[in-house]
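> Next up is a structure, given as structure tokens.
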Amino acid sequence: MSQQILIIEAGRAERHYWTDLWRYRELFFFLAWRDILVRYKQTVIGLAWALLRPFLTMLVFTLVFSKLAKLPSDGVPYPIMVFAALLPWQFFSNAFSSAGDSLISNSNMISKVYFPRLIIPVSAVIVSFIDFLISGVILVGLMLWYGFMPSWHLLILPVFIFVVFAAALGAGLWIAALNVKYRDFRYIIPFVVQFGLYVSPVGFSSSIVPERWRLLYSVNPMVGVIDGFRWAILGDNAQFYWPGILLSLALVVIVLITGTFYFRKTERGFADLI
Amino acid sequence: MTTVISVQNLGKKYILNHQPQERYTALRDVMANSAKKLAHKLRYPLAIAENDATHEEFWALNNVSFDIKQGDRVGIIGGNGAGKSTLLKILSRITEPTAGRVKIKGRVASLLEVGTGFHPELTGRENIYLNGAILGMSKADIKNRFDDIVAFAEVERFLDTPVKRYSSGMYVRLAFSVAAHLEPEVLIVDEVLAVGDAQFQKKCLGKMHDVGLEGRTVLFVSHNMTALKGLCDKAIWLKSGSVVQEGSAEDVVSSYLQNGMAIKVRQVWDSPETAPGDKSIRLHSVKVTYEGDEVSKVIDVSTSLNMEFVFWNYVAGAQLNFSIVLYNNQDVCIFNSVSEAKSYPLGKVIGVCQIPKNFLNDATYRLRLLIVKDKSTALIDLDNVVTFEVHDIERTGAWYGKWIGAVRPTLSWTTFSQS
């Protein structure tokens, strides 16, 4: 019998938080597993949905931006260029919206059982990450179809995957914690996601943005992340705009740190508010 | 015996909003209010922030202290809003206390609700793993105890069926079973026996009893006093957030029940002017009397009760009849009993209606009294004139579940063998 001593006091939850998080580490996996299992129950094509949605979006974007708007593609097949950006963008937007709603949709658990609350939004991000990996298959398929050979840049891709993960988690933590108290954010989330798609270089290359606006454009952290993805996947065909990427990176770090901090600060009151 | 849970001066404060609004805050209101406050500050920089009249502090728990020893099975009793759930929520770390300190030795598992985290779309097997993980079990632990959990819940055949197709009994059994196999040092259980059938209640109580015998500590909240006395050796009585009494379950439960009795077994209107009625009659009093009421003996199933009412009659010659309607706490009408129509002389009139013993079930009842003139006009129709509670009697045998039925009459039985 482990005789650990637990002390409950106002403002004391901090002390065993990180050890608890470690003790409950399997719950990250279980909650993500639950969401994935549940999502494709009673669907006919099941997991294929994870492939179909990004594939169709890619087709529409290629049609609109390449065939109709005749935008340049930096010398690579337009579908590949679109998909290299669609991957991180869809991961970010899915993770952001599901993490944002995660606490509210699990309110029952929050008011009846103890566990570190951080697990809920994190596992929502993990679920979107798994979708991201699955839709990565389409990218491989496109590259084979067009006979496109990636360069050594591809080795750097994990770094950018890590960055987009951090961006999604940071923004998700902020919105999840705010959503518990101010339900207005429930309406802000879909708006941000829709708006973000237009202000991020998903359907087009960021090289069409005039040079003097590039740095300002990079205030949107997803610009740097998407440029990084394109650079890693398309090789030398995509430019690497250092100032923009560094600015985006710094913003991602700030959002993640402040998000975690805000979440931890408000977490104690979740059960009373939700 | 060592102290496992030590609670010192525990308090929990909630802020009540008096504005009619939703449970959550809208950002719009916060921004509007902050702007108002800022404007106020700018105009009167020296004013002290006034106390917001729309907010009121409410202490759900106030200065609660007690100690619980290892292996104790402690019942927590009290009316609605006494702070029982808040106490359990603090002990299971769902919410933080505002004041005070709790020291707990060992792992705590709490079952505040049946099947928290169960997902209706997942199968029984999947839910066991998920629920176990939510309650803090590792995958290896769950695997080891999987067979025990399934056997206890008696759901072997339905393991791969989504739990949304389960009967509510199966659902409850599975949920309780997962929590009971957590093998915590402290098990906290809130009113979960209200659901599930009698046989399963018995099984749960038995399991909690065993948990206690293994040297683990059990905290149990229930409104079912018979079950509570059967399971717990100690009890704590909470009222309006404070401890009223703690001690042996037997003592605490009986003083709690007696206290609950005093509520409204009688109502008296001293002056005819303010009493219900009109110019022809005025009500004077309504009360429930029974043998032993002077010594505030508790009403139980085997008590015979008199519904007694007194009124002033101002009109001679009118044909009056009386009607007593009894409702239980589920608002089910138990009966409507009507007296013969008669005329009465001027002055005070007393009426008594007797409810025989071994007729009512254990529940809280409320009385509605009607006085009708000439079989057509209701002079008085008063609902909720008195309320009283009928308690369960000490039963033989180990079953403590709620006795079903609106009434619980002793009927005559004949059994014989045909030869």
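> If you line up the long axis of helix A:185-199 against the longest principal axis of chain A, both from Cα atoms, how many degrees apart are they, to the nearest 10?
That helix lies at roughly 20 degrees to the long axis.
> In a GNM of chain A with a 10 Å cut-off on Cα contacts, which of A:Gly203, A:Gly136, A:Gly228 has the highest mean-square fluctuation?
The residue with the greatest mean-square fluctuation here is A:Gly136.
> Another question, if that's okay. Taking θ = phi - 60°, what integer Hz values does the Karplus form 6.51 cos²θ - 1.76 cosθ + 1.60 yield along the stretch B:238-251, in sequence order, with x for Gly and Pro?
For the stretch B:238-251, the Karplus curve yields 9, 9, 6, x, 10, 7, 8, 7, 9, x, 5, 4, 4, 5 Hz.
> Before I look further, what does the protein assembly as shown give for accessible area per residue, probe 1.4 Å, in whole square angstrom? It would help to have the intermediate numbers written out before the result.
On the way: 34000 Å² over 693 residues.
On a per-residue basis, 49 Å².
> Could you work out the relative contact order of the stretch B:266-390, using alpha carbon pairs under 8 angstrom and six or more residues apart, expressed as a whole percent? Write down the numbers at each step before the final one.
On the way: 291 pairs, mean separation 33.4, N = 125.
Averaging sequence separation for qualifying contacts and normalising by length gives 27 percent for the stretch B:266-390.
> What does the C-alpha gyration tensor say about the overall shape of the protein assembly as shown? Classify as rounded when a/c is under 1.5, otherwise prolate if a/b is larger than b/c, or oblate.
Prolate, since a/c reaches 1.5 and a/b exceeds b/c.
> Which cross-chain or sequence-distant (5 or more) residues have an amide H under 5 Å from the amide H of A:Arg183, H modelled 1.01 Å from N in plane?
Residues meeting the criterion, in which the H sits 1.01 Å from N, are B:Thr25, B:Leu27.
> Would you mind telling me which residue in B:His40, B:His181, B:His391 has the biggest mean-square fluctuation in a Gaussian network model of chain B, where springs connect alpha carbons within a distance under 10 angstrom?
So, out of B:His40, B:His181, B:His391, the one fluctuating most is B:His40.
> On the accessible surface of chain A, probed at 1.4 Å, how many percent belong to carbon and sulfur atoms?
Details: 9100 of 12740 Å².
Whole-percent figure for carbon plus sulfur exposure: 71.
> Evaluate peptide A:180-189: per residue, the Cβ atoms of other protein chains within 10 Å of its Cβ; return the mean as an integer.
On the way: counts 2, 5, 8, 6, 8, 1, 0, 0, 1, 0.
Other-chain Cβ atoms within 10 Å of each residue's Cβ, averaged: 3.
> When the helix-only estimate is applied to the protein assembly as shown (DSSP H runs of n ≥ 4, each -39,500 (n - 2.57), divided by the residue count), what is the mean residue ellipticity at 222 nm, nearest 500 deg cm²/dmol?
On the way: 20 runs with 285 residues, N = 693.
So the helix-based figure for the protein assembly as shown works out to -13500 deg cm²/dmol.
> Something else about it: Show me A:53-61, A:189-197 ranked by packing, highest mean number of other Cβ atoms within 10 Å first.
Details: A:53-61: 17.1, A:189-197: 14.4.
Ranking the peptides A:53-61, A:189-197 by packing returns A:53-61, A:189-197.
> A further question on this structure: Non-local amide H neighbours of B:Val243 (under 5 Å, H modeled in plane, Pro and chain starts lacking H): which ones?
B:Ser65
> A further question follows. Just B:Ala32, B:Ala227, B:Ala153 to compare: in a GNM of chain B, with alpha carbon springs under 10 Å, which one fluctuates most?
In the Gaussian network model the winner is B:Ala32.
> With the Cα gyration tensor of chain A giving a ≥ b ≥ c as the square roots of its eigenvalues, does the rule (a/c under 1.5 for rounded; else a/b larger than b/c for prolate; else oblate) give rounded, prolate or oblate?
prolate
> Separate question: Report the FRET efficiency, 1/(1 + (r/R0)^6), for A:Ile7 and B:Tyr290, where r is their Cβ-Cβ distance and R0 is 51 Å, rounded to 0.05.
0.50
> Apply the Karplus parameterisation 6.51 cos²θ - 1.76 cosθ + 1.60, with θ equal to phi minus 60°, to every residue of the stretch A:75-89 and state each ³J(HN,Hα) to the nearest whole Hz, in sequence, with x for glycine and proline.
Taking θ as phi minus 60°, the curve returns x, 10, x, 4, x, 5, 5, 5, 5, 4, 8, 5, 4, x, 5 Hz for the stretch A:75-89.
> What accessible area, summed over both chains, is buried at the A-B interface (1.4 Å probe, Å², nearest 100)? Spell out each step's value before the answer.
Values: alone 14910 and 23410 Å², together 34000 Å².
Answer for the A-B pair: about 4300 Å² buried.
> Output wanted: per-residue J couplings in Hz (rounded whole) for the stretch B:215-222, from phi through Karplus 6.51 cos²θ - 1.76 cosθ + 1.60, θ = phi - 60°, x for Gly and Pro.
Working through the residues one at a time gives x, 8, 9, 10, 10, 9, 10, 7 Hz.
> Taking the 0 to 90 degree range and rounding to the nearest ten, how far is the long axis of helix A:119-146 tilted relative to the main principal axis of chain A, both from C-alpha atoms?
The angle comes out at about 20 degrees.
> How much of the accessible area of the stretch B:301-381, probe 1.4 Å, is carbon plus sulfur, in whole percent? It would help to have the intermediate numbers written out before the result.
Numbers: 1910 of 3930 Å².
Reported share for carbon and sulfur atoms: 49 percent.
> Averaged over A:33-43, how many beta carbons belonging to a partner chain fall within 10 Å of each residue's beta carbon? It would help to have the intermediate numbers written out before the result.
Working: counts 5, 10, 1, 0, 6, 5, 1, 0, 5, 2, 0.
Mean number of neighbouring Cβ atoms from other chains: 3.
> List the trypsin sites (Lys or Arg not before Pro) within the stretch B:262-324 that DSSP assigns to loop and that have no more than 13 neighbouring Cβ atoms inside 10 Å. It would help to have the intermediate numbers written out before the result.
Numbers: sites: B:Lys264, B:Arg266, B:Lys279, B:Arg282, B:Lys287, B:Lys297; in loops: B:Lys279, B:Lys297.
Passing both the DSSP loop test and the Cβ count: B:Lys279, B:Lys297.
> Ok, one more. With contacts defined as alpha carbon pairs under 8 Å and 6 or more residues apart, what's the relative contact order of chain B in percent? Mind dumping the intermediate values first?
Details: 803 pairs, mean separation 59.0, N = 419.
Answer for chain B is 14 percent.
> Can you give me the long-range amide H partners of B:Val4? Hydrogens built in the peptide plane at 1.01 Å from N, cutoff under 5 Å, separation of 5 or more residues or another chain.
B:Ile68, B:Lys69, B:Gln70
> Past 29 Å, Cα to Cα, is the threshold; run B:Lys164/B:Lys234; B:Lys264/B:Lys357; B:Lys105/B:Lys139; B:Lys103/B:Lys229 against it and keep the listed order. Please list the in-between numbers first.
Details: B:Lys164/B:Lys234 38 Å; B:Lys264/B:Lys357 20 Å; B:Lys105/B:Lys139 24 Å; B:Lys103/B:Lys229 26 Å.
Exceeds cut-off: B:Lys164/B:Lys234.
The values are calculated or read from the model by the stated rules, or taken from the named source; none is laboratory data. As the structure is a prediction and not an experimental result, all values here were calculated from the model. Because the Cβ atoms are built from the backbone with ideal geometry, glycine has one as well, and the counts that use them run over all protein chains shown. The area values use the complete protein model at the heavy-atom level, side chains included, leaving out ligands, DNA and RNA. Shrake-Rupley method; radii C 1.70, N 1.55, O 1.52, S 1.80 Å.
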